[in-house]
Amino acid sequence: MPSETMRLQMSLLQPAQAQKHVTVNEALMRLDGLVNMVLQSASVATPPETVLNGQCWGVPSAPQGAWSGQAGAIAVGSNGGWVFVPAAAGMRAFIADRGAEAVHDGASWVTGALTLGASGSGLVAGLAEGEVVVASGTSVTSTVLIPAGAMVIGAAARVTEDITGSATGWRLGTAGALVRFGQGLGKPRGSWSRGILGSPMTYYQPAPLVVTAEGGTFAGGRIRLAVHWLELRLPV
């Protein structure tokens, strides 16, 4: 009789086993983390200081501390420590710090994978977001970056702190296309833009989102930005 299950390596009850509740409780703890799995991150190499039961992390390469030697595994918080479960091709999880679903290809988590072929090729949905502090001037180049090779679907924005200054409004775009995702946008907190492109635009070089003043200059404010795209994953 095998001692554990094949996929999730959960210990099986044995005949005349003592303290059966220990085995059962550990199996339930694994299931609590792995069913409808949410990975807090698949890129953080150092375990958190506080271990939460059922909280899962994808252990990346060169892990530190209690995760040392567990690269590629799923770390499940259990009773103040960690239970490690091997990740397998086809597993799915929501990656919390990326805001996207991921599929495991047998070697690593492919964040945003919509399709994933046997050779590793696939269609991937991407997302980048961040908040821009609007400084004095006429434009702000954000840290929200469109990667090379991305077919951009659109960009969205919301003013989180009133935009001040003599500007009558603002625009959202990229260098050379400053109104691509919106123009005449509002300054008060809560104003928003949903810049969906009628024809998706492919960027062959990385490009940050740029916020530009209309009819004057900026003095202050904050804007939360997000850009969405599709990209092709190469076969291995």
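I want to confirm something. Restricting to region 92-111 and keeping residues that are aliphatic (A, V, I, L, M) and in a loop (DSSP other than H, G, I, E, B), which single residue is farthest from the chain's Cα centre (by Cα)?
Looking at residues that are aliphatic (A, V, I, L, M) and in a loop (DSSP other than H, G, I, E, B), I get ALA107.
Restricting to region 41-71, and then to whatever is of a type in the set (Val, Ile, Thr) and loosely packed, with under 15 Cβ neighbours inside 10 Å, can you tell me which residue is farthest from the chain's Cα centre (by Cα)?
Step one: of region 41-71, the residues of a type in the set (Val, Ile, Thr) are 44, 46, 50-51, 59.
The next check asks that each one be loosely packed, with under 15 Cβ neighbours inside 10 Å; those that pass are 46, 50.
On the way: THR46: 18, THR50: 22 Å.
Looking at residues that are of a type in the set (Val, Ile, Thr) and loosely packed, with under 15 Cβ neighbours inside 10 Å, I get THR50.
From LEU178, LEU234, which residue is more than 29 Å from MET91 (Cβ to Cβ) and in contact (Cβ under 8 Å) with a residue 24 or more places away in the chain?
LEU178
For region 73-115, name all the residues that are closer than 21 Å to SER11 by Cβ and either basic (Lys, Arg) or surrounded by 15 or more Cβ atoms within 10 Å (Cβ to Cβ) (or both).
Answer for region 73-115, where residues must be closer than 21 Å to SER11 by Cβ and either basic (Lys, Arg) or surrounded by 15 or more Cβ atoms within 10 Å (Cβ to Cβ) (or both): ALA73, ILE74, ALA75, VAL76, GLY77, SER78, TRP82, VAL83, PHE84, VAL85, ALA87, MET91.
Kindly indicate whether ASN25 is outside any helix (DSSP H, G or I) and open to solvent by 40 Å² or more (accessible area, probe 1.4 Å).
It is false that ASN25 is outside any helix (DSSP H, G or I) and open to solvent by 40 Å² or more (accessible area, probe 1.4 Å).
Might you check whether a residue that is open to solvent by 70 Å² or more (accessible area, probe 1.4 Å) and free of Cβ contacts under 8 Å to residues at least 24 places away in the same chain occurs anywhere in region 116-134?
yes
The values are calculated or read from the model by the stated rules, or taken from the named source; none is laboratory data. Small disclaimer: the values here were computed from a predicted structure and weren't measured. Every residue, glycine among them, receives a Cβ derived from its backbone with ideal geometry; neighbour counts consider all protein chains shown. To get the accessible areas, we keep the full protein, side chains included, count just its heavy atoms, and leave off ligands, DNA and RNA. Shrake-Rupley method; radii C 1.70, N 1.55, O 1.52, S 1.80 Å.
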